[in-house]
1. Just to verify a result, which residue in the range 74-94, among those that are at pLDDT below 80 and open to solvent by less than 70 Å² (accessible area, probe 1.4 Å), is farthest from Ile127 (Cα to Cα)?
2. Can you go through Ile134, Ile180, Ile188 and tell me which one is over 20 Å from the mean Cα position of the chain (by Cα) and buried (at least 16 other Cβ atoms within 10 Å of the Cβ)?
3. Conditions: (1) crowded, with 18+ Cβ neighbours inside 10 Å; (2) closer than 24 Å to Ala89 by Cα. Leu171 meets all but one. Number of the miss?
4. Say we look at the range 22-48 and pick out the residues that are farther than 17 Å from Thr3 by Cβ and among the aliphatic types (A, V, I, L, M); which of these is nearest to the chain's Cα centre (by Cα)?
5. Can you confirm whether Leu143 is in contact (Cβ under 8 Å) with a residue 40 or more places away in the chain, open to solvent by less than 40 Å² (accessible area, probe 1.4 Å) and not polar (S, T, N, Q)?
6. Considering the range 14-38 alone, what residues qualify as being among the basic types (Lys, Arg) and either in contact with a Cys (Cβ under 7 Å, 6 or more places away or on another chain) or open to solvent by less than 70 Å² (accessible area, probe 1.4 Å) (or both)?
7. Can Gln193 be described as closer than 17 Å to Ile109 by Cβ and either in contact with a Leu (Cβ under 9 Å, 6 or more places away or on another chain) or at pLDDT below 95 (or both)?
8. Do any residues in the range 105-134 that are over 13 Å from Leu94 (Cα atoms) and free of Cβ contacts under 8 Å to residues at least 60 places away in the same chain have Cβ atoms under 6 Å from those of residues that are buried (at least 16 other Cβ atoms within 10 Å of the Cβ) and β-branched (Val, Ile, Thr), where the two are at least six apart or on different chains, and which pairs are they?
Amino acid sequence: VSTKTIYQQFQTELVISGSLQHLGNTRRLSLNLQNGADGRILKSTEVDLALDNWDLAQQQVRTELVRLLNWQLPDALPLSKGSATNDTAYKAYLTGISYLYRHDYKDNIEKSLQQLQSAVQTDPEFIEARFALIDAMLQTARLRDIHQWLPQAEQLTNELAQQLPENSRLLALQAEIAKIRSDYPRAIDLFSQALQLEPDNAMLIH
């Protein structure tokens with residue numbers, strides 16, 4: 001997929017592109033940071049990844065991406081590996097959250113819902129995809145049809161609650177549902193419960 005296509009689809013200012021070379025027991029990853037609008041390469045880097053240590057390889061890739069973007073990231077921050085066990089589900093999830101980031105762009109929120117529903121159907125145990133689907137449903141409820149999408153989001157949230165007791169992310173979603181229903185005392189209570197689990201979470205405080 002070209003940088004131009006990515007820019008037209010998601011309206012992103014920056015695009016990371018790359019290629020992978022197979023070199024015996026290693027893989028050489030080349031990464032480019034490009035201007036979304038015109039495709040100009042702003043920075044580039046290369047890193048050799050060992051096949052026998054993928055945990056280290058993921059850390060290396062993250063480090064190189066952070067350097068390209070001039071971001072600051074604590075060394076001790078753990079790398080999330082997600083819960084996807086199916087490549088097709090993971091691809092649909094990534095596409096879905098990409099659309100969700102630009103939900104203001106034409107038809108993106110509908111496309112996001114389709115992709116995230118596909119991810120969950122393909123891999124029902126893919127927890128991150130289920131969280132993202134609930135988020136997409138809540139955004140659709142706010143922007144499109146509260147009567148259709150809010151009950152579906154609430155049902156999925158209740159199902160997750162049976163699997164994930166004492167989960168701050170889930171409590172925050174339940175709080176958002178309470179807010180949409182204008183039940184502000186319950187929203188405050190749920191956000192407060194989430195803050196007990198994650199007292200330094202700025203989004204929960206906000």
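1. Going residue by residue through the range 74-94, those that are at pLDDT below 80 are 74-87.
Remaining after also requiring open to solvent by less than 70 Å² (accessible area, probe 1.4 Å): 79, 82-84, 86.
Working: Leu79: 16, Gly82: 8, Ser83: 6, Ala84: 8, Asn86: 12 Å.
This residue is Leu79.
2. Details: Ile134 fails: over 20 Å from the mean Cα position of the chain (by Cα); Ile188 fails: buried (at least 16 other Cβ atoms within 10 Å of the Cβ).
Ile180 is the lone residue from the list that is over 20 Å from the mean Cα position of the chain (by Cα) and buried (at least 16 other Cβ atoms within 10 Å of the Cβ).
3. The number of the failed condition is (2).
4. Leu29
5. On the way: in contact (Cβ under 8 Å) with a residue 40 or more places away in the chain: yes; open to solvent by less than 40 Å² (accessible area, probe 1.4 Å): no; not polar (S, T, N, Q): yes.
Criteria not met by Leu143.
6. Let us first name the residues in the range 14-38 that are among the basic types (Lys, Arg), namely 27-28.
The one that is among the basic types (Lys, Arg) and either in contact with a Cys (Cβ under 7 Å, 6 or more places away or on another chain) or open to solvent by less than 70 Å² (accessible area, probe 1.4 Å) (or both): Arg27.
7. Working: closer than 17 Å to Ile109 by Cβ: no; either in contact with a Leu (Cβ under 9 Å, 6 or more places away or on another chain) or at pLDDT below 95 (or both): yes.
Judged against the criteria, Gln193 is not a match.
8. Ile109/Thr140; Ile134/Thr157
The values are calculated or read from the model by the stated rules, or taken from the named source; none is laboratory data. Just so you know, these numbers come straight off a predicted model, no measurement behind them. With ideal geometry, Cβ positions are generated from the backbone for all residues, glycine too; neighbour counts draw on all protein chains shown. Just the protein is used for accessible areas: all its heavy atoms, side chains included, with ligands, DNA and RNA removed. Shrake-Rupley method; radii C 1.70, N 1.55, O 1.52, S 1.80 Å.
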